[in-house]
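For reference, the structure discussed in these notes is given below.
Computed from the coordinates by the stated procedures, all read-outs in this text should not be read as laboratory data. Predicted model only: the values in this text are computed from it and were never measured. Positions of Cβ are backbone-derived with ideal geometry, glycine not excepted, and every protein chain shown enters the neighbour counts.
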Amino acid sequence: MTALFFIFSVSILLQLSYWIFFYVNVTPGKPQKRPKANKNSSVSIVICAKNESHNVRQNFPDWILQLGDNDELVIVDDFSTDQTYDLARSLCELNQTPYCKVIKASEDIPGKKRALADGINSSSKNYILVTDADCQPGPLWKSSMTAEIEMPTEILLGYAPFHKKPGFLNLFQRFECVLTALQYYSLAHVGFPYMGVGRNLLFKKSLFDESIYDFNAENSDYLASGDDDLLVSALANEKNTKTVLNPDSFVYSEAKKDWSSYFKQKSRHITSSVKYKPIIKLFLAIFSTTQIVSNLLFIPLIFTEYWKFALGLYFLKSITATLTYLKASRIFQERNLFYFTPIMELSLTLYYVILSLSYPFKKKTDWN
């Protein structure tokens with residue numbers, strides 16, 4: 001039992017260091033009622049859509065609303081079998097705006113990397129701002145993101161939360177979304193940007209080189225997912241990357257409605273993590289491993305002579321995590337989410353175990 005308690009203690013101490021690190025390195029953004037326009041930051045909003053006619057119809061007005069005189073909207077139809085392409089073209093024509101274009105992806109391969117690359121290559125503005133067809137940006141989304149552009153910033157990592165809905169699955173997805181943001185925002189803050197979310201990401205067009213993507217779906221190591229992670233991992237560094245936490249910049253979308261779809265999505269995301277730098281993979285692996293170990297060993301240690309020490313250490317870690325989520329729930333506009341930290345912490349243990357066991361043998365999956 002002494003060995004188990006030692007392992008438990010080390011895991012708890014590592015967990016404490018992680019939560020303190022997250023707490024210190026995530027700071028709130030300040031909303032601006034009228035973000036200052038940046039004359040040198042004309043933007044192409046690029047949106048890839050595959051069988052998204054419903055979302056295109058619903059969210060098109062929000063996309064058009066973002067456009068200034070020097071901006072444009074590029075919608076890329078990725079071999080849809082519904083009316084996505086025709087609908088998008090009709091909406092552009094009905095709005096009679098010269099700043100809207102609709103194109104078709106040049107190649108039908110798993111994932112949206114080809115469609116995204118085509119959209120970026122067809123754009124004409126200095127900066128690329130990407131989101132998904134099912135995302136709902138607020139009226140100040142584009143202006144809030146571009147207001148943060150200043151030399152030498154070339155990449156802006158935005159936040160993309162889920163709409164709040166009833167049910168445990170929605171609660172867990174929102175909790176895990178905040179945790180993921182705590183991780184990549186914190187590491188970016190100290191000079192190690194490694195990922196972003198394709199639902200809310202801005203970067204300088206001149207940075208983009210499509211050679212960062214593998215378009216050969218026949219390759220054994222081809223990844224359908226990870227267009228956003230691969231882009232940030234390849235192009236971002238401590239000098240050119242900045243995080244945005246202005247609530248006006250948040251882009252909301254619907255969370256998955258069933259566990260099967262959710263785990264399928266997360267399993268795809270895990271495949272792209274193999275492309276992270278070694279130090280990032282080690283950082284994330286230690287966090288998830290110590291999360292599992294500390295929770296699994298706590299129960300048997302309660303029935304040993306070490307129970308007082310185990311209880312004290314576990315309580316300290318839980319309080320630190322809860323305080324971190326208290327701060328994060330305010331920053332990420334997830335009010336009262338921190339109340340559920342203890343049960344979510346335990347749920348994360350099961351979540352990590354299931355994901356590790358369900359690591360996909362076949363990586364070629366559709367992006368939608």
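Within the chain, antiparallel bridges make up roughly 30 percent of the DSSP beta bridges whose residues both belong there. Relative to the longest principal axis of the Cα atoms of the chain, the long axis of helix 53-65 lies at roughly 80 degrees. If the cut-off is a Cα-Cα distance under 19 Å, which aspartates and glutamates reach K281, setting aside same-chain residues fewer than 8 apart in sequence? Counting by Cα, and skipping residues close in sequence, K281 has these aspartates and glutamates nearby: E176, D221, D227, D228, D229, E238.
Please report L202, L91, L323 as a ranked list, fewest other C-beta atoms within 10 angstrom at the top and most at the bottom. Let's see the in-between values first.
On the way: L202 27, L91 20, L323 15.
Lowest to highest Cβ neighbour count: L323, L91, L202.
For segment 87-143, the normalised intensity computed at q = 0.16, 0.19 Å⁻¹ comes to -0.65, -0.93 (log10 of I(q)/I(0), Debye sum over alpha carbons, equal scatterers, no solvent). Cysteine residues of the chain whose Cβ has no partner cysteine Cβ closer than 4.7 Å: C48, C135, C177. Computed from label points 7 Å out along Cα-Cβ, the spacing between M151 and Q58 is 4.4 nm.
For the chain, calculate the relative contact order in percent as a whole number, restricting contacts to Cα pairs under 8 Å that are 6 or more residues apart. Spell out each step's value before the answer.
Numbers: 628 pairs, mean separation 86.8, N = 368.
Once normalised by length, the contact order is 24 percent.
Relative to the longest principal axis of the Cα atoms of the chain, the long axis of helix 307-331 lies at roughly 20 degrees.
Going down the list K104/K205; K101/K164; K242/K275; K101/K256, which pairs span over 24 Å between their C-alpha atoms? It would help to have the intermediate numbers written out before the result.
Working: K104/K205 20 Å; K101/K164 33 Å; K242/K275 21 Å; K101/K256 30 Å.
Violating the 24 Å limit, Cα to Cα: K101/K164; K101/K256.
Working from Cα positions, state the angle (0 to 90°, nearest 10) between the long axis of helix 113-122 and the longest principal axis of the chain. Helix 113-122 sits at roughly 40 degrees to that axis.
At an R0 of 25 angstrom, the distance between the Cβ atoms of D69 and K104 translates into a FRET efficiency of 0.40.
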